[in-house]
């Protein structure tokens, strides 16, 4: 049982060391990226690319309820009046 507890303690120590090393390396890389952005004048579009399409753009309605004038785009759950 002692061996198991020793291994668990080692695991915790290693996880702490890993987290510290990751934090230090991530900070260094972030600084390197910031320097490159400043030096070359990159824009967010240069770094991340352009958005393919805007999310949330309304779709034109395909169906209209003749009684109430309500519309439905044909996407998502069908309204009760379409059934």
Answer yes if at least one residue in segment 29-45 is exposed (fewer than 10 other Cβ atoms within 10 Å of the Cβ), assigned to a loop (DSSP other than H, G, I, E, B) and without any contact (Cβ under 8 Å) to a residue 24 or more places away in the chain, and no otherwise. yes
With criteria (1) part of a helix (DSSP H, G or I); (2) touching a strand residue (DSSP E or B) at 6+ places or on another chain (Cβ under 8 Å), residue 10 comes up short on (2)
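Every read-out reported here was derived from the displayed coordinates using simple, explicitly stated rules and does not represent laboratory data. These numbers were taken from a predicted model, which means no experiment stands behind them. All Cβ positions, even for glycine, are placed from backbone atoms using ideal geometry, and neighbour counts span all protein chains on display.
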